[in-house]
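Notes follow the structure.
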Amino acid sequence: MHTMMQQLINGLSLGSIYALLALGYTMVYGVIKLINFAHGDIYMLGAFWGYYVLRYWHVNFWVALLSAMVVSAFAGMLIEFLAYRPLRHSPRITALITAIGVSYLLENGMSYLYGASPRNFPQVIKQENFHIAGLTVSNIQLLILVVAIVLMVALQLIIKKTKMGKAMRAVAVDPDAAQLMGINPNHVISFTFALGSALAGAAGVLIGLYYNTIDPLMGMTPGIKAFVAAVVGGIGSIPGASVGGFLIGILETATQAVGLSAYKDAAVYVVLIVILLVLPSGIFGKRTKEKV
C-alpha cells in the first residue's frame, strides 16, 4: 500500500506532463480534425530551448519556462502555416502523412545540428525532499504539478471567457458559419496551434528538470502516449485530455510499482483498447452521428 501511494505521487507528476501534451493534441483535433504527430517534437524543442537559455544565458527557471512557451508557440504557428495550411482542404490522410514527415524532420534536424547524444539539463532548482506520513515528495514534483494545474486552469479560462476562445469553439463547431459571422479561421487555427505548442514547450522544460536529461528523440514516446491520453479522455475534450494524461501517468508508474517496468508502455495501449471497447468516444467524448 505504501509503495502504491508513493507511485501515485510519482504518477501525478508524470501525468501532468502527459496532460499538457494531450491538451495540444485535443485542441488541434477539435478545431481542424488533424492529428498533429509533430506535437511531441515541439515538446522536444521547448526542452532544448530551456536547456540553451539556462546553460548559456544563465537566466532563472521562470524566464526559461516562459521563453520556451513563446518559442514553442512560434514554432507551432510556423509549422501550421508552412506544412498544414496548404493542405487544409486535402484528404485527411495527406495531412496525417505530412504531420509524420514534419515530426521526422524535426527529430533528424535536431540530431544533425546538436548530435543524438543525451544532454544533462541544468538543475537550476535544488531538489529537496519532504517526508509526509512515510511518503517522499520532492519540491520538483510539487512544482511540476502546480505549474501544470495553473496552465490547465488558464487554458480553460481562455477558451471559456475570451473572445478568441469563443471563436475557437465556433470554428470547431462549424468553420463556414463562423467565417460568415466575421471570424477569420486562419487566425483562430494559428492561435490554437500557438496555445497547444506553448503548453508542450512548458512540458519540455518541466520534464528536463524532472529527469535531468534531454535528447532529440525525447518527444517520440511521450508524444504517442499523450495522444493515447487524449483519445482515452475523449479526443476534442479539454477536461478529457487532462484526466487522460493523469490516468496514463498513474498507470505507468503503477505498472512499475508491481515489478512490470518492462511492460509499462504495453500497459498503456492495453488500457486504451479496453476503454475504447467500453467507451468508443473516450471517457468525456460525445457520440456524434455522421451522415454518409
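Observations
- Taking a span of 18 Å or more along the helix axis (Cα atoms) and a mean Kyte-Doolittle hydropathy of at least 1.0 as the rule, the DSSP H helices of the chain that qualify are 2-32, 61-79, 139-161, 185-211, 220-233, 238-257, 264-278.
- Taking each DSSP H run with n ≥ 4 as -39500 (n - 2.57) and averaging over every residue of the chain yields -23500 deg cm²/dmol at 222 nm.
- Summed residue charge, Cβ within 15 Å of ILE207's Cβ, Lys/Arg positive, Asp/Glu negative: -1
- Around LEU34: net Lys/Arg minus Asp/Glu count, Cβ-Cβ under 14 Å: +3
- When TYR56, TYR43 are compared by accessible surface with a 1.4 Å probe, the order from highest to lowest is TYR56, TYR43.
- Surface composition of the chain: carbon plus sulfur atoms contribute 68% of the solvent-accessible area (1.4 Å probe, protein chains only, all chains present).
- Cross-link pairs LYS163/LYS264; LYS33/LYS163; LYS160/LYS264; LYS126/LYS264 - those with Cα-Cα distance over 31 Å: LYS163/LYS264; LYS160/LYS264
- Accessible solvent surface per residue of the chain, calculated while the other protein chains remain in place, 1.4 angstrom probe, Å²: 51
- Within the chain, longest stretch free of exposed GluC sites (Glu not before Pro) [DSSP loop, at most 12 other beta carbons within 10 Å]: 129-289
- Sites listed here are trypsin sites (Lys or Arg not before Pro) in region 32-140 whose DSSP assignment is loop and whose Cβ has at most 11 other Cβ atoms within 10 Å: LYS126.
The values are calculated or read from the model by the stated rules, or taken from the named source; none is laboratory data. Remember, it's a predicted structure, so these values are computed and weren't measured experimentally. Neighbour counts are summed over all protein chains in view; Cβ atoms, including those assigned to glycine, are modelled from backbone coordinates with ideal geometry. Heavy atoms of the whole protein, side chains included, go into the accessibility calculation; ligands, DNA and RNA do not. Shrake-Rupley method; radii C 1.70, N 1.55, O 1.52, S 1.80 Å.
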